[in-house]
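The values are calculated or read from the model by the stated rules, or taken from the named source; none is laboratory data. What you are looking at is a predicted structure, and each value in this text was computed from that prediction instead of being measured. For neighbour counting, all protein chains shown are included, and Cβ atoms are generated from backbone atoms with ideal geometry for every residue, glycine included. With ligands, DNA and RNA removed, areas are computed over all heavy atoms of the protein, side chains included. Shrake-Rupley method; radii C 1.70, N 1.55, O 1.52, S 1.80 Å.
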Amino acid sequence: MFPTANESLKVMSHCVVGFPSLEENEHAIDGLVAAGIRLIELQVPFSDPVADGPVLVNACVKALAQGGSFEATLALARKVSRRHPEVTFVLMSYLNPIYQYGIPAAIDEIANAGIEGIIVPDWPVEAMRPHLPHMEKRGVAPILMVTPNTASARIAEIASASRGMLYVVSRMGVTGSSTHWGEEFQTYIARVKEHTNLPLAVGFGVRTREDLQALRGRVEVAAFCSQYIEWQAEHGSERAAERMAQVVQSIQAA
C-alpha cells in the first residue's frame with residue numbers, strides 16, 4: 001500500500017538485484033523489513049543506468065556479473081512479496097529490459113510477482129500512456145518522475161499519468177550526491193503540489209538523518225537508496241540494516 005497524501009514521512013530503500021549476490025538479496029530485504037522499511041525498490045541491474053551515480057552504477061555492474069536480470073528480479077519479488085505482505089515493493093528499471101521482455105507480458109509478470117508499482121526513469125509519459133490501461137487493470141502503479149527543470153504544464157501531464165505516488169527528483173544530476181533543501185527546493189515542491197494531490201517521493205541526495213528531518217512535513221516519502229547501497233557495499237547487509245533502523249527511528253522519535 002502506498003502512503004496517503006499528508007501522511008507522516010516514510011523511508012523507501014533499495015535492493016539492486018544480484019548485488020552483493022542473488023542469495024544475499026533475500027537476507028538484505030529481511031533486514032530492511034526488520035529495520036522498519038515498508039517501501040522497497042527492487043532495481044533491475046542495467047549496463048547503462050543513466051540516472052544513477054557511481055554507487056548504483058558499480059552495484060549494477062557487480063549485479064550483472066552475479067546473474068542479476070529482469071527475470072531474477074521477478075523471481076526475487078515473488079519470494080519477498082509473499083514473505084513480507086506488509087511491504088510495498090516497487091520495480092525500478094530502465095526501459096530496455098522491459099521492452100526486450102515485451103511490455104504487456106512484463107506488466108503481467110510484474111503484477112504476478114506481487115510488485116505494486118514501477119519506476120522507469122527513461123520511459124517518457126507519451127510512450128507509456130498506451131500501456132496505462134493495462135497497468136491499471138493489473139494493479140501496477142506507474143510512478144513517473146519530475147525534475148526541477150520540468151515545466152509546470154509538463155508536471156501536470158506527468159502527474160495525471162502517475163499512480164500511487166509521484167517521484168520528485170530533488171535536483172539535476174545523478175543519484176548519490178548531497179542535496180540542499182533550502183528555499184529553492186521549497187518553491188519547487190510547492191510548484192509540484194499545484195498540479196497533483198498524489199503523495200510525493202523525493203529522491204537523489206537523501207543521505208542523512210538531517211536530510212530526512214528537512215523533508216518531514218513537506219513530502220510523504222524519502223528515497224534513502226544510494227547511501228544504503230554504499231553501507232551495504234562497505235559493511236555488509238546486516239550492518240547496513242542496523243543503520244537503516246537508526247534512520248527510521250530518528251524520524252519516528254522526532
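Details
- Enumeration of residues in segment 134-153 that are over 14 Å from the mean Cα position of the chain (by Cα) and open to solvent by 10 Å² or more (accessible area, probe 1.4 Å): HIS134, GLU136, LYS137, ARG138, GLY139, THR147, PRO148, ASN149, THR150, ALA151, SER152, ALA153
- For segment 78-98, the criterion of being open to solvent by 10 Å² or more (accessible area, probe 1.4 Å), part of a helix (DSSP H, G or I), under 22 Å from TYR188 (Cβ atoms) and aliphatic (A, V, I, L, M) is met by none of the residues.
- Residues satisfying the stated conditions in segment 15-42, i.e. outside any loop (DSSP other than H, G, I, E, B) and touching a Gly at 6+ places or on another chain (Cβ under 8 Å): VAL16, LEU22, ASN25
- Scanning segment 100-119 for residues being assigned to a helix (DSSP H, G or I) and open to solvent by 40 Å² or more (accessible area, probe 1.4 Å) gives a total of 7.
- Every residue from segment 166-187 that is modelled with pLDDT of 95 or more and either closer than 22 Å to ARG209 by Cβ or part of a helix (DSSP H, G or I) (or both): TYR167, VAL168
- Any hit, segment 52-70, residues being touching a strand residue (DSSP E or B) at 6+ places or on another chain (Cβ under 8 Å) and closer than 17 Å to THR88 by Cβ: no
- Which listed residue, of ARG207, ARG191, is open to solvent by 40 Å² or more (accessible area, probe 1.4 Å), over 20 Å from GLY18 (Cβ atoms) and not in a loop (DSSP other than H, G, I, E, B): ARG191
- Residues in segment 210-235 that are within 20 Å of THR88 (Cα to Cα) and assigned to a loop (DSSP other than H, G, I, E, B): VAL219, GLU220, PHE224, CYS225.
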